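Read the structure below first, then the notes.
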Amino acid sequence: IIFRMLRSAVAVSSRVAAGVRTLSTSVVCKDRPSRTEVDEVFKDRSQAPRKQGFSLNRVELVGGVAADPRKHVARNGKDYILFNLITNSSTTNRDGERFDQMEVHTISAFGKQAEYVERTIQKGTRVMVHGHLHQYGGVVKEDGTRTPRQTSIIADTVAPLARASDLQNRRNDQ
């Protein structure tokens with residue numbers, strides 16, 4: 001059954017050129033195998049299911065809060081907080097010139113973490129964020145095009161390091 005499926009689906013050719021073997025495939029027939037034929041081919045699991053494999057989605061950022069956090073209400077009626085975090089890094093190009101690069105990250109906080117951020121974080125606060133990536137969007141439109149996917153960071157922990165006003169007060173005290 002497997003051979004019949006492969007033979008009806010693709011034509012395989014191989015050739016040896018300069019000691020390198022190449023393999024090309026091309027569609028020969030538009031017949032599709034039935035669902036039972038496909039299930040028969042893949043009935044033996046040679047790999048463990050993905051959900052049992054190791055995976056990691058973790059983000060750690062240190063930066064400055066770009067503007068005061070904004071409170072929003074989710075569809076379930078619960079409050080959440082959004083804020084932008086700016087991180088900076090310096091890189092050197094091929095000519096040895098250094099330049100700074102700025103990234104703006106959208107951070108979302110929910111539940112008790114949102115309440116804490118609302119009370120303690122403001123524009124200019126330096127924070128450390130521990131969280132994970134979340135992607136949304138990418139919806140296929142009627143014309144077949146896809147809207148861009150957006151990536152944000154869901155905060156598990158937001159810890160203030162120093163406020164801009166605290167740093168200014170320290171400078172004034174010196």
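Leaving out same-chain residues fewer than 8 places away, which aspartates and glutamates sit with a Cα under 19 Å from that of Lys123?
Counting by Cα, and skipping residues close in sequence, Lys123 has these aspartates and glutamates nearby: Asp68, Glu103, Glu115, Asp166.
How about the range 84-124: which trypsin sites (Lys or Arg not before Pro) there lie in a loop by DSSP and see at most 15 other Cβ atoms within 10 Å?
Arg94, Lys123
Under a Cβ-Cβ cut-off of 12 Å, what is the net charge of the residues other than Pro69 that fall near it, where Lys and Arg count +1 and Asp and Glu count -1?
The answer is 0.
Could I have the simple spin-label model distance between Arg98 and Asp39, label points 7 Å from Cα toward Cβ, reported in nm to one decimal?
In this crude label model, Arg98 to Asp39 measures out at 6.4 nm.
Please give me the summed charge of the neighbours of Gly138: other residues whose Cβ is under 9 Å from its Cβ, Lys and Arg +1, Asp and Glu -1.
+2
How large is ³J(HN,Hα) for each residue in the range 105-118, as worked out from phi by the Karplus curve 6.51 cos²θ - 1.76 cosθ + 1.60 (θ = phi - 60°), to whole Hz, x for Gly and Pro?
My calculation for the range 105-118 gives 10, 8, 10, 10, 10, 10, x, 4, 5, 5, 4, 5, 4, 4 Hz in order.
Taking 8 Å as the Cα distance limit and 6 or more residues as the minimum spacing, I'd like the relative contact order of the range 53-140 as a percentage.
38 percent
Taking the Cα centre of the range 59-173 as the origin, how large is its charge dipole in debye, to the nearest 20, when only Lys and Arg (+1) and Asp and Glu (-1) carry charge on their Cβ atoms?
It comes to approximately 240 debye.
Can you give the local net charge around Ala109? Use residues other than it whose beta-carbon is closer than 13 angstrom to its beta-carbon, Lys and Arg +1, Asp and Glu -1.
+1
How do His132, His105 line up, fewest other C-beta atoms within 10 Å first?
His132, His105
Would you mind checking the pairs Lys112/Lys141; Lys78/Lys141; Lys71/Lys112 and listing those with alpha carbons more than 25 angstrom apart?
Check vs 25 Å cut-off fails for Lys112/Lys141; Lys78/Lys141.
Bear in mind that the values in this text are calculations on the coordinates, not laboratory data. The shown structure was predicted, so the numbers you read here are calculated from the model rather than taken from an experiment. No Cβ is skipped: glycine too gets one built from the backbone with ideal geometry, and neighbour counts run over all protein chains shown.
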